[in-house]
Amino acid sequence: MKLSINLASRRHLNQQVLKLTISCIIVLLLLILAIQGNTYLQNRQQALQYQVHLDSLQEQLRGKLPKRLTPEELANQRQAYKQAEILLQRDAFRWTALFDRMEGLLPDGVSLGSFNPDYGKSSLLINGVAKNLESLQILLDNLQSAQFNQVYLKNQGEVDVDNGRGGKRKALSFSISLEGVF
């Protein structure tokens, strides 16, 4: 098989297909240009809306700048802040956990009457009644082993209590101070 090339002949191009293809490409490019132009205009319009909204918010912020406080007003606000902080600190303490802990430490023959907290010193004053000195000593030993910072027996006295049958009997009243509770 022998190939021969005739350089004198013209190449035959299908001009209609070529024109149709180029026309389709031009229409496609114009369509893409129109879509991109539309997207650009929408983004520009949205950016302008955001800028107007941002300007509005900045104007509102300028109108609500805090006024200058006098030293007395500043001192009053600091005092109010400290009081609120103390109240929040008191409210954050879990009393039920302390009561549960005390119930586990309380021996037979001892009843607690009141809990008086001192948040400033982080201490708790407990008042109660013990059946005898041995029960009171067991309570003090239990409190010492319960990892409170300090346990102090503030006062102790003898009182008459109801024995449950209409009579009276002698018991020990006491006050114990616990530090490091809060």
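The values are calculated or read from the model by the stated rules, or taken from the named source; none is laboratory data. From a predicted model like this one, the values you see are computed outputs, not experimental measurements. Cβ: placed from backbone, ideal geometry, glycine included. Neighbour counts: every protein chain shown. Side chains are part of the model used for accessible areas, which takes the heavy atoms of the whole protein and leaves out ligands, DNA and RNA. Shrake-Rupley method; radii C 1.70, N 1.55, O 1.52, S 1.80 Å.
A quick yes/no check of all residues on (1) of a type in the set (S, T, N, Q); (2) modelled with pLDDT of 90 or more:
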position: Gly113; (1), (2): no, yes
position: Ile126; (1), (2): no, yes
position: Ala130; (1), (2): no, yes
position: Gln137; (1), (2): yes, yes
position: Ser145; (1), (2): yes, no
position: Gly167; (1), (2): no, no
position: Ile176; (1), (2): no, yes
position: Phe182; (1), (2): no, no
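Residues of region 161-181 that are touching a Phe, Trp or Tyr at 6+ places or on another chain (Cβ under 6 Å) and within 19 Å of Gln137 (Cβ to Cβ): Ser177, Leu178. Among the residues making up region 16-72, those that are open to solvent by 90 Å² or more (accessible area, probe 1.4 Å) and among the acidic types (Asp, Glu) are Glu59, Glu72. For region 124-182, which positions are in contact (Cβ under 8 Å) with a residue 24 or more places away in the chain, open to solvent by 90 Å² or more (accessible area, probe 1.4 Å) and within 20 Å of Phe99 (Cβ to Cβ)? Once the filter is applied, which keeps residues that are in contact (Cβ under 8 Å) with a residue 24 or more places away in the chain, open to solvent by 90 Å² or more (accessible area, probe 1.4 Å) and within 20 Å of Phe99 (Cβ to Cβ), region 124-182 yields only Asn149. Restricting region 94-120 to residues that are under 27 Å from the mean Cα position of the chain (by Cα) and not in a helix (DSSP H, G or I) leaves a set whose member that is surrounded by the most Cβ atoms within 10 Å (Cβ to Cβ) is Pro117.
Can you confirm whether Glu85 is at pLDDT below 90, open to solvent by 60 Å² or more (accessible area, probe 1.4 Å) and out of contact with any Gly (no Cβ under 6 Å at 6 or more places or on another chain)?
Values: at pLDDT below 90: yes; open to solvent by 60 Å² or more (accessible area, probe 1.4 Å): yes; out of contact with any Gly (no Cβ under 6 Å at 6 or more places or on another chain): yes.
Judged against the criteria, Glu85 is a match.
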